[in-house]
Amino acid sequence: MLPVRTTRKMTAVKAKDVKSLLPLMIIMVIIFLVLLFWENEVNDEVVTSTLEHLHVDHPQNDVPVPARYCNHMIIQRVIREPDHTCKKEHVFIHERPRKINGICTSPKKVACQNLSAIFCFQSETKFKMTVCQLTEGTRYPACSYHYFTTEGFVLVTCDDLRPDTFLGYVK
């Protein structure tokens, strides 16, 4: 008796089958791009909420018309309240980030007002700052500010020896 040999029948993929997969592949690419874009948007929000991004401007931005410094910086850094209204006041610190980070090792550690379980740190030296005060507008980006420069001791909260939140300044 001779061994029975079976042969496999080769089936080719028909062009008609590939064409039916094309809409599914397009949908998968679109979903991938949407998820990629959404992930980048979430990461942008995290980055823009750091103290350095919101409050540090060193070296100071050279705005062609000094009177428009605040309006330019507020728009450039997308500084607004969580409900998209204009901030009433905002401060930009004109000092090196390394020096601002040093505030967290300052011996001037005090209990924060309104934050009972958290300590605040005050800088040991005065920093140059620009204070932006709202003059017109309620909804971002239609906000208009005037400014004044000052020097003061900076108050921050710290997280892992880095400034976390800017709380204000003392003259």
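The values are calculated or read from the model by the stated rules, or taken from the named source; none is laboratory data. A quick note: this is a predicted structure, and the numbers were derived from the prediction, not measured. Reconstructed Cβ throughout: ideal geometry from the backbone, glycine too, with neighbour counts over all protein chains shown. These accessible areas exclude ligands, DNA and RNA; they are computed on the full protein's heavy atoms, side chains included. Shrake-Rupley method; radii C 1.70, N 1.55, O 1.52, S 1.80 Å.
Values for this structure:
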read-out: Residue-count net charge about residue 124 - beta-carbon cut-off 13 Å; Lys, Arg +1, Asp, Glu -1; value: +3
read-out: Rounded to whole Hz, the Karplus (6.51, -1.76, 1.60) HN-Hα couplings of the stretch 153-169, x for glycine and proline; value: 7, 8, 10, 9, 9, 10, 9, 6, 6, 10, x, 10, 9, 7, 9, x, 9
read-out: Per-residue SASA entry for residue 105, accessible area with 1.4 Å probe, Å² rounded to 10; value: 100 Å²
read-out: Residue 56 long-range amide H proximity, modeled H, under 5 Å; value: 93
read-out: Spin-label zone in the stretch 85-127 - amide nitrogen under 16 Å from a point set 7 Å from the Cα of residue 138 along the C-beta vector; value: 85-88
read-out: Residue-normalised accessible area of the stretch 127-166, expressed per residue, 1.4 Å probe, Å²; value: 55 Å²
